[in-house]
1. Which of the residues that make up the stretch 19-39 are within 15 Å of G86 (Cα to Cα) and within 10 Å of the chain's Cα centre (by Cα)?
2. Just give me the residues in the stretch 1-24 being of a type in the set (S, T, Y) and either touching a residue at least 24 places away in the same chain (Cβ under 8 Å) or part of a loop (DSSP other than H, G, I, E, B) (or both), in sequence order.
3. List, please: which pairs have Cβ atoms under 7 Å, are six or more places apart or on different chains, and start with a residue in the stretch 28-50 that is free of Cβ contacts under 8 Å to residues at least 40 places away in the same chain and end with one that is in a loop (DSSP other than H, G, I, E, B) and not aliphatic (A, V, I, L, M)?
4. Quick one: H46 ticks every box in (1) within 19 Å of G21 (Cβ to Cβ); (2) surrounded by 18 or more Cβ atoms within 10 Å (Cβ to Cβ); (3) at pLDDT 95 or above bar one, so which box is it?
5. Can you list the strands (runs of 3 or more DSSP E) lying wholly within the stretch 25-80 that have 2 or more residues being in contact with a Lys or Arg (Cβ under 7 Å, 6 or more places away or on another chain) and not aromatic (F, W, Y)?
6. Taking D93 as meeting all but one of (1) touching an Asp or Glu at 6+ places or on another chain (Cβ under 9 Å); (2) assigned to a loop (DSSP other than H, G, I, E, B); (3) loosely packed, with under 15 Cβ neighbours inside 10 Å, write down the number of the exception.
7. Please specify each residue of the stretch 5-27 satisfying the condition of being of a type in the set (A, V, I, L, M) and modelled with pLDDT under 95.
Amino acid sequence: MQIVTADSAARFGEDKMRKIGLFETDRLFCDLYCLLPGQFQKIHAHQGSDKVYFVLRGRARVRIGDEEQDLDPGQAALAPAGVPHGVTNTTGDPATLLVFMAPKPAH
């Protein structure tokens with residue numbers, strides 16, 4: 001059994017947001033995104049994979065398609081396959097998110 005503690009795995013970088021791989025199989029992955037204030041993930045899309053953003057700590061502004069929403073801890077948002085998406089920390093505090101993706105992209 002694989003077990004992780006997200007808070008212990010969190011790492012922040014002054015230059016850009018950090019992605020920490022927590023779990024990965026042939027079918028999915030789960031990353032921990034760590035964003036300092038002002039950091040972001042650029043808008044992009046995955047043609048064959050769905051993504052879920054789940055906020056653990058702080059707040060995060062998630063963009064999916066033409067919609068943007070600030071998410072609080074405990075809230076999640078779904079980015080369906082092919083829909084442009086990204087996340088930004090617009091607050092003055094660090095933010096951490098669990099990010100799940102399935103099926104795992106081929107890149």
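The values are calculated or read from the model by the stated rules, or taken from the named source; none is laboratory data. Not measured: the values here are computed from a predicted model. Cβ sites come from the backbone with ideal geometry, for glycine too, and all protein chains shown count toward neighbours.
1. Of everything in the stretch 19-39, those that are within 15 Å of G86 (Cα to Cα) and within 10 Å of the chain's Cα centre (by Cα) turn out to be K19, D31, L32, Y33, C34, L35.
2. The one that is of a type in the set (S, T, Y) and either touching a residue at least 24 places away in the same chain (Cβ under 8 Å) or part of a loop (DSSP other than H, G, I, E, B) (or both): T5.
3. Q47/G82
4. With (1) within 19 Å of G21 (Cβ to Cβ); (2) surrounded by 18 or more Cβ atoms within 10 Å (Cβ to Cβ); (3) at pLDDT 95 or above applied to H46, the lone miss is (3).
5. Fully inside the stretch 25-80 and qualifying: 29-35, 67-71.
6. Exception for D93: condition (1).
7. Result: A6, single match.
Residues are listed down the side, and each one gets a yes or a no for (1) exposed (fewer than 12 other Cβ atoms within 10 Å of the Cβ); (2) in contact with a Gly (Cβ under 6 Å, 6 or more places away or on another chain); (3) polar (S, T, N, Q):
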position	(1), (2), (3)
T5	yes, no, yes
S8	yes, no, yes
R11	yes, no, no
D15	yes, no, no
I20	no, no, no
T25	yes, no, yes
L36	no, no, no
Q41	no, yes, yes
